[in-house]
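To start, the structure itself, in structure tokens.
The values are calculated or read from the model by the stated rules, or taken from the named source; none is laboratory data. Fair warning: this is a prediction, and the values are worked out from it, not measured in the lab. As a convention, Cβ positions derive from the backbone with ideal geometry for all residues, glycine included, and neighbour counts pool all protein chains shown.
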Amino acid sequence: MKVKLGIGILVLAISLIVAIFFLMRPEESVVYETTIEQSLLEVNFTIRRSDRYNGEGVFDIKEDYSKQGIVDLYYNAGTNKQVKLVISMGRKKYTYDIVDDPLMIYFPLQLGNGKYDIEVYENVKEEKYKKVYSRSVEVNVKDDRIVYLNTIQIIDWEVDDQVVELAEQLILEEQIKRFESDGETYDSQALEDLKDIEKIQIIYRYVVENIRYDFAKLGTLQDDYIPDIEDVFNEKEGICYDYSAILASMLRRLTIPTKLIKGYTTKTKVFHAWNEVYVEDENRWIVIDTTYDSYMFERLKPFKMEKLEEDYTAVYEY
């Protein structure tokens, strides 16, 4: 009896060790067959924003750009009712607040490849909603990184926005500075490209050092608040949602895949927003929290750009 008990305990111990090993081992990186640039060319990637709807009807969903990981929604019912868009795949779903708009609005398809159900709900009374439109879309994105290069409802930017033009300007200034430090005369054809991590650091420093946290704004926001990156850029103030939206917009303009994440962190007790940024030449995602680092910068306290993944728990990613 004692022998059987001893063997049972030994088997249990070995099982626990094996389980811990698999849980603690590093997650293997996805190996991509193409560069991001090649993937963009394959799908004829286009920055979609503010396209006017040319069809007829109150609702419409277009999947013309589903290969680059977005779906286009048109909703213009002539109503001021609360309306919600639900995008789901299986049990996973994302819910967005939408309003009447004569323009197409773009939403990410970040749940992987397969069939997405897209539904529109109108508020009928208090917390009750009724479904007024639905459609299924089959999605096949060959390179999931390009999903995080789009302009979408909550990361809303155009190529000629001041803030994203600044991103390119900051990179160019650094390239010129390095070129001239070698005693050379400026030549746009001879500028050496920077590594991804160097570009990320430049944009990160700009956001951390120039945007201040707006404590007063936090208490005045509606539940359906969406960042306006041009306003944040001009006012130089914002909340975590604004910080993460402006960083994502600037880096996406530089063709650096950037996620806006909502969830929880050990660095604050409230629901938070931050970014995950893909470093292509190192094939890894890094966690960046410009809100926290801006706070530390202003108070002359030490901080590092890359955060520990275990300190952040994602609930939603865009």
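Pairs linking a residue in the stretch 108-136 that is touching a residue at least 24 places away in the same chain (Cβ under 8 Å) to a residue that is exposed (fewer than 14 other Cβ atoms within 10 Å of the Cβ) and among the polar types (S, T, N, Q), with Cβ atoms under 7 Å and 6 or more positions apart or on different chains, are ASN113/ASN140; LYS115/SER136; TYR116/SER136; ASP117/SER134; ASP117/SER136; ILE118/SER134; GLU119/SER134.
When the stretch 98-121 is filtered for residues that are crowded, with 17+ Cβ neighbours inside 10 Å, part of a strand (DSSP E or B) and not hydrophobic (A, V, I, L, M, F, W, C), the ones remaining, listed by number, are TYR106, PRO108, TYR116, GLU119, TYR121.
For ASP196, are the conditions met, namely being in contact with a helix residue (DSSP H, G or I) (Cβ under 7 Å, 6 or more places away or on another chain), crowded, with 17+ Cβ neighbours inside 10 Å and at pLDDT 95 or above? Yes; evaluated as a whole, the condition is true for this residue. Regarding the stretch 159-182, can at least one residue be identified that is closer than 16 Å to LYS259 by Cβ and surrounded by 14 or more Cβ atoms within 10 Å (Cβ to Cβ)? Checked against the condition, which is being closer than 16 Å to LYS259 by Cβ and surrounded by 14 or more Cβ atoms within 10 Å (Cβ to Cβ), the stretch 159-182 yields no hits at all. Here THR266 meets each of (1) under 28 Å from LYS84 (Cα atoms); (2) assigned by TED's automatic domain parsing to the domain that holds GLU280 with one exception, condition (1). Residue count for the stretch 257-289, restricted to those that are charged (D, E, K, R), in a strand (DSSP E or B) and within 18 Å of ILE239 (Cα to Cα): 4. Being in contact (Cβ under 8 Å) with a residue 40 or more places away in the chain, within 21 Å of ILE171 (Cβ to Cβ), in a helix (DSSP H, G or I) and out of contact with any Pro (no Cβ under 7 Å at 6 or more places or on another chain), is that true of even one residue in the stretch 209-224? Yes.
If the condition is being among the hydroxyl-bearing types (Ser, Thr, Tyr), surrounded by 15 or more Cβ atoms within 10 Å (Cβ to Cβ) and in a strand (DSSP E or B), then the stretch 290-315 contributes only TYR312.
Residues that are surrounded by 14 or more Cβ atoms within 10 Å (Cβ to Cβ), of a type in the set (Val, Ile, Thr), assigned to a strand (DSSP E or B) and free of Cβ contacts under 8 Å to residues at least 60 places away in the same chain: does the stretch 88-97 have at least one? No. All of ASP223, ASP182, ASP231 fail the test of being modelled with pLDDT of 95 or more and acidic (Asp, Glu), apart from ASP231.
Please find, among ILE256, ILE211, ILE261, ILE203, the residue that is closer than 17 Å to VAL287 by Cα, at pLDDT 95 or above and either among the acidic types (Asp, Glu) or in contact with a Lys or Arg (Cβ under 8 Å, 6 or more places away or on another chain) (or both). Before you say what the answer is, go through the steps one by one.
Details: ILE211 fails: closer than 17 Å to VAL287 by Cα; ILE261 fails: either among the acidic types (Asp, Glu) or in contact with a Lys or Arg (Cβ under 8 Å, 6 or more places away or on another chain) (or both); ILE203 fails: either among the acidic types (Asp, Glu) or in contact with a Lys or Arg (Cβ under 8 Å, 6 or more places away or on another chain) (or both).
Among ILE256, ILE211, ILE261, ILE203, only ILE256 is closer than 17 Å to VAL287 by Cα, at pLDDT 95 or above and either among the acidic types (Asp, Glu) or in contact with a Lys or Arg (Cβ under 8 Å, 6 or more places away or on another chain) (or both).
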